[in-house]
Amino acid sequence: MSSSAADIDVRAITEAEFSDWNRALNTGFLREPVVAQEQLEARRNQFVPGRLLGAFDAGRCVATFRSFAQEITAVGGATVPADAVSNVTVTATHRRRGLLTRMMNQDLAAAKERGDVVATLIAAEYPIYGRYGFGAATWMAEWTIDVPRTGLDPRWSGPDDGGRIDLVDGEEVRKIGPELHERVRRAQPGAVSRDELWWRSSTGAVRLFSGEWTEPFYAVYRSAAGEVEGLVAYKADDQWNGKQPQHTAEVKWLLGATPAAERALWHYLCSIDWITKVESGWRAPDDLLPFYLPDPRAASIRTHGDWLWVRILDVVRALQARTYEGTGTLVLEVTDRQGLAGGRYLLEASPEGASCAPTTRSAELRLDVDALATLWLGDESAGRLAALGRLEEERKGAARVADALMRTSRRPWCPDIF
């Protein structure tokens, strides 16, 4: 007999239940259910009491949910504390019983209590998370570079700006990568923090997942002054057309603190002998990559889609944390079905700073908290949301005011998946 929803216990797991929780996690993601002991021990680094939730039916874990502490960069460079949501699964036998809703509500309430400003996630399926107040806040693109078409000189042997590119190993990346990433992410709205485990697992020092580890190539760009300004991790396949090599370089991640660093690393990838195609990995939707090439049409978009989703937990702190392009005031009526961030707020903004506070003034824009999240990082247009019926103008022209204040000259981007 199938258990009723009321009979299923949703709660924070104990360390003793970690193995069962991981089995349910792998099952939900259609991986091999049994977790190798090596991977299980590595994943124990992610165990934080109270932050891993499970649903238990007759003692067996049938749904998983994990959140962890994160920082996200707001427009202008300030960072705010975030509740990063990950590892969300419901076993196929227990769908449509409200288990995700119970876990999500429990986690968001705890995040609000902790003082997190927002919650974040990468959505595997689009229709799910809007129900909980999340809105798509950044987008991404994946590019394919047809190397012979780029117009680059095949004799290219290094940057012409006095900088240099060197190959390094994972140990060196763990030394120089975190500081570079801090510089990059604090200049990039939508970027999130990376902890030590990210660097260790991304360079093979620990193994979080099953399967054979293949060491990537790592290349570092140093400026003429010797400063580390760029890093790339990439792999290459082994494809031949008869006697002609037609290899593809697959970028795992690429960080550039300056356009010069990015340009040098892309040119380097396109200069490697036997490489005829470069797959860019996840990049910003307005990435400069095509324009680093003499023929921008050599880079074509393979994938374009939503990426980082944001859920506002504290409207006042979220709106005060970011900077604004223009000067003006706006009264927002925010609705929130979960009751975490709703209310009427007066935003007074200028390039010099902003204040936000609850108000009794008449609303000028009415919108759900998921729509506010979509606007928060500056990527979406209030005018577009109005056309889609996702916000309402109570004062004519209020959407244009919102766009003048909140839109950004470059699109936000999150380089990470979690």
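The values are calculated or read from the model by the stated rules, or taken from the named source; none is laboratory data. Keep in mind that what you see is a predicted model, and the values were worked out from it rather than measured. Neighbour counts are summed over all protein chains in view; Cβ atoms, including those assigned to glycine, are modelled from backbone coordinates with ideal geometry. Surface areas here come from the heavy atoms of the whole protein model, side chains and all, with no ligands, DNA or RNA. Shrake-Rupley method; radii C 1.70, N 1.55, O 1.52, S 1.80 Å.
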Open item on the list: Let's test the formula: R0 of 35 Å, r as the Cβ-Cβ distance of Gln244 and Ala224. What FRET efficiency results, to the nearest 0.05?
Closed with: 0.40
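Can you tell me the equivalent ellipsoid semi-axes for the range 102-201? Use √(5λ) from the Cα gyration tensor, largest first, whole Å.
That gives 38, 21, 12 Å for the three semi-axes.
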Open item on the list: So, taking all protein chains as they sit and a 1.4 Å probe, how much accessible area belongs to Met406, in Å² rounded to tens?
Closed with: 10 Å²
Open item on the list: At 1.567 mPa s and 4 °C, plugging the Kirkwood radius over alpha-carbon pairs of the range 216-359 into Stokes-Einstein gives what diffusion coefficient in µm²/s?
Closed with: 68 µm²/s
Task: Set of lysines near Lys175 by C-alpha distance (under 29 Å), chain-local residues within fewer than 8 positions excluded - done: Lys235, Lys252
- [ ] Sort the following peptides by mean Cβ neighbour count (other Cβ atoms within 10 Å, averaged over residues), highest first: 233-245, 90-102, 37-49.
- [x] 90-102, 37-49, 233-245
Task: aspartates and glutamates whose Cα lies under 14 Å from that of Lys112, excluding same-chain neighbours fewer than 8 positions away - done: Asp83, Asp314, Asp336
Open item on the list: Can you divide the C-alpha Rg of the chain by 2.2 N^0.38 Å and report the result to two decimal places?
Closed with: 1.07
Task: Percent carbon-and-sulfur accessible area, the range 150-222, ignoring ligands, DNA and RNA, probe 1.4 Å - done: 48 percent
Task: Expected 222 nm ellipticity per residue - DSSP helices of 4 or more, -39500 (n - 2.57), all of the chain, to 500 - done: -7000 deg cm²/dmol
TODO: For the range 295-418, report the accessible area per residue in Å² (1.4 Å probe, heavy atoms, rounded to an integer).
DONE: 45 Å²
Task: Extent along principal axes [Cα atoms of the range 39-88; Å; largest to smallest] - done: 49, 23, 15
TODO: Evaluate the Debye formula for the range 1-74 with equal point scatterers sitting on the alpha carbons, no solvent, and hand back log10 of I(q)/I(0) at q = 0.19, 0.24, 0.28 Å⁻¹, in q order, two decimals.
DONE: -0.81, -1.13, -1.36
Open item on the list: Given a 1.4 angstrom probe, what's the average accessible area per residue across the range 105-170, in square angstrom?
Closed with: 49 Å²
Task: Charge dipole (the range 351-392, unit charges on Cβ, about Cα centre) - positive-most of Gly389, Thr360, Gly378 - done: Thr360
Task: Cα-based Kirkwood hydrodynamic radius, the range 375-418, one decimal, Å - done: 11.4 Å
Open item on the list: Rounded to the nearest percent, how much of the accessible area of the range 318-418 (1.4 Å probe, protein heavy atoms only) is carbon and sulfur?
Closed with: 46 percent
